[in-house]
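Just so you know, all these numbers are worked out from the coordinates, no wet-lab data involved. In this text, all values refer to a predicted model and were calculated from it rather than measured experimentally. Backbone-built Cβ (ideal geometry, glycine too); neighbour counts: all protein chains shown.
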Amino acid sequence: MVIITHKLKIPKQISTVFTITIISLGLFLVQVSFDSLSKSFGQTPNSIENQTLSTRPPQFGAPPELSATQKNVSTISTCSLTPASIRLHGTPQQTEGPYFVDGMPNRSDIRSDTSSSSVQQGIPLHLVIHVYDVDNGLCVPLKGAKVDIWHANSQGIYSAVKDMGTTEKKFLRGYQVTDNNGTVEFTTIYPGWYEGRAIHIHDKVRTFNGSETALEWTSQLYFNNSINQQVHVQTPYSNHGPPQTTNEEDMIYTGASTDGLTQENSGEQLMVNLTKEGPSYLGTFNIVLSAGQKD
């Protein structure tokens, strides 16, 4: 009986060891498979995030790393409908002013004068404008719209103006056509001031049905007073002196919109969003067109 009992205990020990070995081997194989799968697909939170950002299609060219401007443009697929009046009435319109000249060059960089190839000096400003239509409260990019901008140089002078002696000049003027994202971009300089006005840029959006104008929207863009002051202590702006008129002292800024939809301080809704980028500025602005403005 003693011999028989001893023989029965040996298989039981072997069975236990064998079972533990099989379980350990199984766990090891599962871990190896999981690690291999993770490495193959890079499934960590950070790698997924990086992969999403790196595969987002750039809007202007295809460099390996998006510039600040490209990141800004590529991430704005909808516009912010604030204040509430924008949702109802669209971005306010303002007067065209006396210095609009049609037929300016189709170009993104408007700093040069096409007649002499001279370039206006000043702090570079990269201006990105998004044009949206409103459909049931949602913003839809307006493709194929012609967007003109024009503004004064560092000394408060416009081109193509007889009274300023610049009739044949075309500096700081031009247009672009909105892309699929409703976007245009311009390279210009920070605008200067002239008597009686706050610093501003004129802008006009038009669409056409053949040779006929189907839509025309006109307004002005403004800048932060403190930044205006900072810019004008630098050359060549300092040659003209500090700005004489703040936004709040400008009758057009504080007045009603020309479409009658904003009764006062229409300029408050026309402020450019500025970001400092080294010696330059990046400015962005959303133009939202309401149904009433398209009639």
Centroid-to-centroid separation of segment 112-164 and segment 226-278 [C-alpha atoms, Å] = 16
Using 0.36 nm per residue, how much length does the chain from Gln155 to Thr167 gain when fully extended, once their Cα-Cα distance is taken away?
-> 2.7 nm
For segment 112-125, in order, what is each residue's ³J(HN,Hα) by Karplus, 6.51 cos²θ - 1.76 cosθ + 1.60 with θ = phi - 60°, in whole Hz (x at glycine and Pro)?
-> 8, 9, 5, 7, 10, 6, 6, 10, 5, 8, x, 6, x, 10
Mind listing the phi-derived Karplus ³J(HN,Hα) values for segment 254-260, rounded to whole Hz, using 6.51, -1.76 and 1.60 with θ = phi - 60°, and x for any glycine or proline?
-> 7, x, 6, 6, 5, 8, x
With Cβ to Cβ distances under 15 Å as the rule, what net charge do the other residues near Glu248 carry (K, R +1; D, E -1)?
-> -3
Nonlocal amide H pairs with Val131, under 5 Å, H built at 1.01 Å | Leu142, Thr183, Val184, Ile287
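Can you give the local net charge around Asp113? Use residues other than it whose beta-carbon is closer than 10 angstrom to its beta-carbon, Lys and Arg +1, Asp and Glu -1.
+3
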Going 7 Å from the Cα of Asn225 toward and past its Cβ, which residues in segment 234-252 have a backbone nitrogen under 18 Å from where you end up?
-> 242-252
Mean projected area (nm²) of the alpha-carbon convex hull when segment 209-294 is viewed from all directions | 8.0
Magnitude of the charge dipole, segment 233-295, Cβ model with Lys/Arg +1 and Asp/Glu -1, debye to 20 = 260
According to a simple spin-label model (label point 7 Å from Cα along Cα-to-Cβ), what is the distance in nm between Thr235 and Glu216?
-> 4.3
How about segment 116-222: which GluC sites (Glu not before Pro) there are in a DSSP loop, with at most 16 other Cβ atoms within 10 Å of their Cβ?
-> Glu168, Glu195
With no solvent term and unit scatterers on the alpha-carbon positions of segment 81-194, Debye gives log₁₀ I(q)/I(0) at q = 0.11, 0.13, 0.19 Å⁻¹ of -0.42, -0.57, -1.03
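Could you list, in their original order, any pairs among Lys143/Lys204; Lys146/Lys170; Lys143/Lys169; Lys169/Lys204; Lys170/Lys276 whose Cα atoms are separated by more than 25 Å? List each step's numbers first, then the result.
On the way: Lys143/Lys204 15 Å; Lys146/Lys170 18 Å; Lys143/Lys169 30 Å; Lys169/Lys204 20 Å; Lys170/Lys276 27 Å.
Listed pairs above 25 Å: Lys143/Lys169; Lys170/Lys276.
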